[in-house]
Amino acid sequence: MAAPLARVEPVDPRIVVLISGSGTNLQALLDRGDALGGEIVLVASDRPGAGGLERAEAAGIKTAVVAPADFADRQAWCAALEDAVDGAAPDLVVLAGFMRILPASFVARWPVLNVHPSLLPAFPGAHAVEEALAWGAKLTGCTVHLVDEEVDHGPIVAQEAVPILPGDTPDVLHERIKAVEHRLLPDCVTLFCRGALHVDGRHVRIDK
Ligand code: GRF
């Protein structure tokens, strides 16, 4: 089960963003400025060299690296990540290209939004763009969803379709998808910050 949203309707929500990579989705969140409706208080990465860390630093946001290689096992890494996030006292955690599976205790503790580069439930997992191309699909897209304890599985907040065009490579298609993600993810974060998301089982109702 994803963490309940009902207990989280603060005036100025605190947001922790988790990244693993270049952080273009993080940048899209940063570029919203005050219109995002919440404050990004920490950007944490599982990879020391993640480009998104520089974006956060440039924006004056606190960063943390919690790399699995620095811990004895997954349990210790999970505990350290949870501690780092807890220290920022978030109302919302956003996965903006975070490529690791969170423990059930984490997703039960905070509401977590994820952006995924396919129209879920099609093509879950880490190779969604390549798999949509290999399948011969004509249409793929992106999904913003609440995270539960299963991979790319939680209740869907928003989706948008993206065409697959003749001659697409994974990189070209991924860039087309990311252009949509950069609008959809901040829109969904803003809806959360306004208290406009209501979850009923698998269904997310959005206030107008
Ligand atoms: C995005 O396509 C997102 O859907 C996926 O990872 C990618 C992250 O890209 N989960 P970036 O680091 O935000 O550029």
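Nothing in this text is a laboratory measurement; each read-out follows from the coordinates by a stated rule. It should be emphasised that the depicted structure is a prediction, and the values quoted were computed from it without experimental measurement. No Cβ is skipped: glycine too gets one built from the backbone with ideal geometry, and neighbour counts run over all protein chains shown.
The table below lists the values:
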| quantity | calculated |
| --- | --- |
| Computed magnitude of the charge dipole of the stretch 117-208 (debye, nearest 20; Cβ of K, R +1, Cβ of D, E -1) | 420 |
| The stretch 59-147 - convex hull of the alpha-carbon atoms, volume per residue in Å³ | 129 |
| Kirkwood-based Rg to Rh ratio, the stretch 121-166, C-alpha trace | 0.99 |
| Kyte-Doolittle mean at least -1.0 and Cα axial length at least 30 Å: DSSP H helices in the chain | 170-193 |
| GNM result for the chain, Cα springs below 10 Å: residue of C193, C78, C142 fluctuating most strongly | C78 |
| At most 11 other Cβ within 10 Å, DSSP loop - GluC sites (Glu not before Pro), the stretch 36-94 | none |
| Exposure proxy ranking, count of Cβ atoms within 10 Å, fewest first, for K62, K138, K208 | K208, K138, K62 |
| Estimated translational D of the stretch 99-175 in µm²/s (Stokes, Kirkwood radius over Cα pairs; 10 °C; 1.306 mPa s) | 122 |
| Nitroxide proxy distance, nm - points 7 Å out along Cα→Cβ at E57 and I101 | 3.3 |
| Dimensions (Å) - the stretch 29-78, Cα atoms, principal axes, largest first | 41, 19, 13 |
| Neighbour-count order for D46, D86, D171, fewest beta carbons within 10 angstrom listed first | D171, D86, D46 |
| Average Cα contact separation per residue, the chain, under 8 Å, 6 or more apart, as relative contact order % | 23 |
| Equivalent-ellipsoid semi-axes of the stretch 147-194, from the Cα gyration tensor, Å, largest first | 25, 15, 8 |
| Under 17 Å from K62, Cα to Cα: aspartates and glutamates that are on another chain or at least 8 residues apart | D31, E39, D46, E54, E82, D83, D86, D91 |
| Mean ellipticity per residue at 222 nm, deg cm²/dmol - from DSSP H runs of n ≥ 4 across the chain, formula -39500 (n - 2.57) | -10000 deg cm²/dmol |
| Cα convex hull volume per residue for the chain (Å³) | 118 |
| Whole-Å semi-axes of the ellipsoid equivalent to the stretch 7-104 (Cα gyration tensor, √5λ, descending) | 22, 16, 10 |
